[in-house]
1. I need a count of the residues in segment 265-289 that are touching a strand residue (DSSP E or B) at 6+ places or on another chain (Cβ under 7 Å), hydrophobic (A, V, I, L, M, F, W, C) and either without any contact (Cβ under 8 Å) to a residue 40 or more places away in the chain or closer than 18 Å to D201 by Cβ (or both).
2. Pick out the one residue from R158, R121, R106 that is closer than 21 Å to K233 by Cβ, charged (D, E, K, R) and assigned to a helix (DSSP H, G or I).
3. Which of the residues belonging to segment 21-58 are at pLDDT 80 or above, open to solvent by 70 Å² or more (accessible area, probe 1.4 Å) and in contact with a Leu (Cβ under 8 Å, 6 or more places away or on another chain)?
4. If you scan segment 282-335, which residues turn out to be at pLDDT below 80, surrounded by 11 or more Cβ atoms within 10 Å (Cβ to Cβ) and hydroxyl-bearing (S, T, Y)?
5. Check whether at least one residue in segment 230-243 is open to solvent by less than 30 Å² (accessible area, probe 1.4 Å) and of a type in the set (D, E), and report yes or no.
6. State whether the residues of segment 159-175 include one that is at pLDDT 85 or above and closer than 23 Å to E253 by Cβ.
7. Among the residues in segment 251-264, are any crowded, with 18+ Cβ neighbours inside 10 Å, without any contact (Cβ under 8 Å) to a residue 40 or more places away in the chain, basic (K, R) and under 20 Å from V199 (Cβ atoms)?
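The values are calculated or read from the model by the stated rules, or taken from the named source; none is laboratory data. Keep in mind that this is a model prediction, so the values were computed, not measured. Heads up, the Cβs are rebuilt from the backbone with ideal geometry, glycines too, and the neighbour counts pull from every protein chain shown. SASA here: full protein model, heavy atoms, side chains in, ligands and nucleic acids out. Shrake-Rupley method; radii C 1.70, N 1.55, O 1.52, S 1.80 Å.
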Amino acid sequence: MGGALARFAVDAPLVLWLLPLALLPLRRSAQRVVPVAAVDAGPADALSQAVGWTLRFAGCLTLAGLVVGIAGPYRRGETITRTGIGAQISILVDRSGSMNETFAGRQPSGAEESKAAASRRLLGDFVGSRAHDQFAVTAFSTAPMLVVPMTDRHAAVRAAIQAIDRPGLDYTNVARGLAMGLAQFGPQAANVSRALLMVSDGAAVIDPRVQGTLRAEFARVRPNLYWLFLRTKGSPSISDKPAGEDTPQAAPERHLDLFFKSLGVPYRAFEAEGPEAVAAAIRQIEALERDPIPYTEQRPRRDLSWVAFGAALFGLLVLVAGKLAEADLRRARGANRLVAEAPSERIAA
């Protein structure tokens, strides 16, 4: 009960000191007083007593409503936590120089899209497809850059994705990009689904000294890891072994895939050779990430003075009806008629 009352407040609490005035109708009546020689001579009239008390309480209600309405009552704003379907998704976008090329491995011309442009368009459609998803966006090439932190403001996330339109650099520092992407997951309940989505058309060698740090961070956050590999047509697959020496320098994509598989977290790689394949992979990721997620809902302050003034108006209407019931309208009309006829009779005499 106390918690429910704590949600209500008034703008001018000092005005509430006038509330005792609402008890005045219980002491004094506004009804017409008619002198009677002996009240006991008349029979008990329960209906009249009920009407009398009704008018007294209507007066109390009118005064109380006016005082409370002038005080400015309102319900406080509050933050409500609810549960929806979605996930926390940290999007890691490769901005190396090769992302400026098409899936055919050349500079775009005419209606052709670069891999970066196709990724921005399809990721923009992905963001906002579910109301309660939360997103963070990080871009990486030589160094990572936080574009937008984890948020449920989908319009801001889409704008951030579209803002990644500058030509990238030639070097891909995937290790630092992964570290910043993982850092976007804040402290949350254990049942919140977390996903790290890396969009890249290649890979780089991760220093063995850095691999240990990344393993520890993946073990702490425990995200679902997705690699959307934008494969240039004709280039080796991430599962292809090189003809010569099988080293990270010779096949960086293959060894990055092996590193991801060794992390001990749910991992899935998608190889896409065109915008249609990218769209299909994003749809699969969306279908996989369908776990309960808590979200907050802001309720604004709500003015309640109209309730108090409405109660005062109701009480006032009851009082007006009571005063009108005291008048004998037929007798008043008869008196007015006699007054109107009196001059004509004097003239006839």
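1. Total meeting the criteria: 6.
2. The conditions single out R121.
3. Selection gives L21, L24.
4. Result: Y295, single match.
5. no
6. Looking through segment 159-175, at least one residue is at pLDDT 85 or above and closer than 23 Å to E253 by Cβ.
7. Within segment 251-264, one or more residues are crowded, with 18+ Cβ neighbours inside 10 Å, without any contact (Cβ under 8 Å) to a residue 40 or more places away in the chain, basic (K, R) and under 20 Å from V199 (Cβ atoms).
Table: residues versus (1) in contact (Cβ under 8 Å) with a residue 24 or more places away in the chain; (2) open to solvent by 40 Å² or more (accessible area, probe 1.4 Å).
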| site | (1), (2) |
| --- | --- |
| G65 | yes, no |
| G69 | yes, no |
| Y74 | yes, no |
| T79 | yes, yes |
| T102 | no, no |
| Q107 | no, yes |
| F126 | yes, no |
| P149 | yes, yes |
| A160 | no, no |
